[in-house]
Every structure is written in structure tokens, then in C-alpha cells.
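Please read through the structure below; I'll follow up with questions.
The values are calculated or read from the model by the stated rules, or taken from the named source; none is laboratory data. Because the structure is predicted, anything quoted here is derived from the model rather than measured. As a convention, Cβ positions derive from the backbone with ideal geometry for all residues, glycine included, and neighbour counts pool all protein chains shown.
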Amino acid sequence: MAGVRVAVVTGGNKGLGLAIVRALCKQFQGDVYLTARNPKLGEEAVKSLNKEGLSPLFHQLDINDLTSIWVLRDFLKKKYGGLDVLVNNAGIAFKAADTTPFGTQAEVILKTNFFGTRDVCNELLPLIRPNEWSMCPVFSATHPFQSAAPNFRRNSAATRSQRTSW
Ligand SMILES: NC(=O)c1ccc[n+]([C@@H]2O[C@H](COP(=O)([O-])OP(=O)(O)OC[C@H]3O[C@@H](n4cnc5c(N)ncnc54)[C@H](OP(=O)(O)O)[C@@H]3O)[C@@H](O)[C@H]2O)c1
């Protein structure tokens with residue numbers, strides 16, 4: 001599918017991720033992938049957007065599972081030859097009232113929000129095509145994380161100058 005642009009949203013089955021998929025379906029000119037770690041929840045979310053007249057596609061992605069990331073990476077490479085938009089939305093948080101010990105909370109949060117997101121970036125950012133959008137809301141555009149993904153730095157500059165040119 002050379003020439004078709006493609007966007008991927010992690011943790012797209014609910015919350016902000018679902019809202020971002022909805023917005024991309026309305027504004028992005030290309031295929032939009034709602035990804036979720038649980039295929040059932042992901043497919044249900046796709047159906048809910050179908051009822052709104054939107055047509056996201058689904059792909060499974062658990063950001064804590066390297067094999068799952070590799071499967072998505074290989075799929076994107078084979079089908080699209082790259083990636084145009086990556087929204088690193090998947091993440092977890094404990095409620096303020098949660099009594100889980102702080103150390104355990106920190107371990108669980110770091111596993112997904114830091115290491116999982118790092119693994120997604122390491123595997124998918126190299127696919128990002130130049131001069132297109134890439135989004136990493138979990139950390140800022142100046143975060144040293146970018147050193148693991150040379151394309152991201154270039155795309156960050158493009159992002160700032162092309163906000164209205166999807
Ligand atoms: N809402 C806020 O006020 C706020 C503030 C600051 C930052 N954030 C960040 O913004 C993001 C979205 O927030 P939200 O309020 O929409 O959260 P949410 O409703 O809890 O949704 C989080 C999404 O991430 C998914 N997820 C969790 N672990 C995953 C994994 N290992 N692999 C793939 N997906 C995974 C969840 O899937 P399941 O449904 O399977 O659990 C869910 O789809 C999160 O990263 C959050 O930390 C939110």
C-alpha cells in the first residue's frame with residue numbers, strides 16, 4: 001500500500017486514546033489504527049466508532065510485550081513501508097486513594113509508562129517517515145529519549161511547523 005499514510009494510537013480502546021483515534025479518523029488522511037492489548041476491548045471500541053460513521057482499523061498491541069511490538073512493526077513495514085503518526089498514549093496510573101505501597105506503584109508504572117513506551121519508540125520510531133507527524137505525549141520533545149530514535153528529532157521539528165497540514 002505504498003503512498004497510503006498510516007497512524008497508530010496505543011491504548012486506543014478507551015479514554016484519551018479512544019478520543020485521539022476518533023479525532024484522527026476525522027482529520028487524518030490515511031489509515032488510522034486503534035491498538036489495544038486486549039483484542040476484545042479493541043474490537044468493541046472499533047465497533048463503537050463504526051456506529052459514529054468512522055472507520056478505524058484494529059491491531060493488537062501490548063506495549064509490555066516485545067513480541068507484540070515486533071508483530072506490529074513487521075506488519076506496518078510490510079503493509080505500509082513505514083509509519084506517519086505514532087501516538088504513545090498507553091499508560092497506567094494509580095488513583096490517589098489507592099493503598100498499594102508506593103514502591104510497588106512505582107515499579108508497575110515504570111514498567112508500562114517508561115519501559116513499555118521506550119520499547120515502542122525503539123521499534124516504531126525508526127519507521128516514521130520524514131517530515132510527517134510523530135507524537136509522544138508521555139514525554140516532551142526535548143526528552144533525552146529521542147537519542148534512541150534519530151528520526152524523532154527531525155520529525156519533532158516538522159511537527160511544530162506542520163500542525164495544520166495533516
Ligand atoms: N487522564 C488524565 O488526566 C491524564 C493525565 C496525565 C497523563 N495521562 C496519561 O494519558 C494516557 C491516557 O490516559 P487515560 O486517562 O485515557 O487512561 P485510561 O482511560 O486508563 O486508558 C489507558 C489506556 O492504556 C491502555 N494500556 C495500559 N497498559 C497497556 C499496555 N501494557 N499495552 C497497551 N495498552 C495499555 C489501557 O488498556 P486497558 O483498557 O486494557 O487497561 C487503556 O486503553 C495515559 O498514559 C495516562 O497516564 C492521563
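Of all residues in segment 77-90 being under 12 Å from the mean Cα position of the chain (by Cα) and part of a loop (DSSP other than H, G, I, E, B), which is farthest from the ligand (Cβ to nearest atom)?
Applying the filter and picking the extreme gives Asp84.
Can you name the residue in segment 68-90 that is within 15 Å of Phe58 (Cβ to Cβ) and without any contact (Cβ under 8 Å) to a residue 60 or more places away in the chain and, of all such residues, is surrounded by the most Cβ atoms within 10 Å (Cβ to Cβ)?
For segment 68-90, the residue satisfying everything is Ser68.
In segment 43-57, which residues are within 14 Å of the ligand (Cβ to nearest atom) and either in a loop (DSSP other than H, G, I, E, B) or farther than 10 Å from Gly12 by Cβ (or both)?
Passing the criteria: Glu43, Glu44, Ser48, Pro56.
Just to be sure before I move on: is Ala93 more than 13 Å from the ligand (Cβ to nearest atom) and either more than 25 Å from Val4 (Cβ to Cβ) or among the aliphatic types (A, V, I, L, M) (or both) in the structure I sent?
No, not satisfied.
Quick one: which residue in Gln60, Gln105 is farther than 28 Å from Gly3 by Cα, among the polar types (S, T, N, Q) and within 15 Å of the ligand (Cβ to nearest atom)?
Gln105
Within segment 141-153, can one find any residue that is at pLDDT below 50, of a type outside the set (Phe, Trp, Tyr) and closer than 22 Å to Ala23 by Cα?
Within segment 141-153 (the criterion being at pLDDT below 50, of a type outside the set (Phe, Trp, Tyr) and closer than 22 Å to Ala23 by Cα), the answer is yes, since at least one residue qualifies.
Spot the failing condition for Asp74; the list is (1) assigned to a loop (DSSP other than H, G, I, E, B); (2) more than 15 Å from the ligand (Cβ to nearest atom), and only one is missed.
Status for Asp74: all satisfied but (1).
Report, by residue number, each residue of segment 1-33 that is in a loop (DSSP other than H, G, I, E, B) and either within 16 Å of the ligand (Cβ to nearest atom) or of a type in the set (Ser, Thr, Tyr) (or both).
Taking segment 1-33 and keeping what is in a loop (DSSP other than H, G, I, E, B), we get 1-5, 10-14, 28-30.
Across segment 1-33, the qualifying residues are Thr10, Gly11, Gly12, Asn13, Lys14.
Of everything in segment 108-124, what is within 12 Å of the ligand (Cβ to nearest atom) and either under 18 Å from Gly42 (Cβ atoms) or outside any helix (DSSP H, G or I) (or both)? Give them in sequence order.
Correct list: Thr112, Gly116, Val120.
Same structure again: Conditions first: (1) out of contact with any helix residue (DSSP H, G or I) (no Cβ under 6 Å at 6 or more places or on another chain); (2) at pLDDT below 95. Met1 passes all but one, so which condition is the exception?
All conditions pass for Met1, except number (1).
May I pose another question? So which residues in segment 92-119 are small (Gly, Ala, Ser) and under 16 Å from Leu66 (Cβ atoms)? Step through it out loud before you land on a result.
Restricting attention to segment 92-119, the residues satisfying the condition of being small (Gly, Ala, Ser) are 93, 96-97, 103, 106, 116.
The one that is small (Gly, Ala, Ser) and under 16 Å from Leu66 (Cβ atoms): Gly116.
Return a yes/no flag: does segment 29-44 have any residue that is more than 15 Å from Ile128 (Cα to Cα), in contact (Cβ under 8 Å) with a residue 60 or more places away in the chain and either β-branched (Val, Ile, Thr) or surrounded by fewer than 19 Cβ atoms within 10 Å (Cβ to Cβ) (or both).
yes
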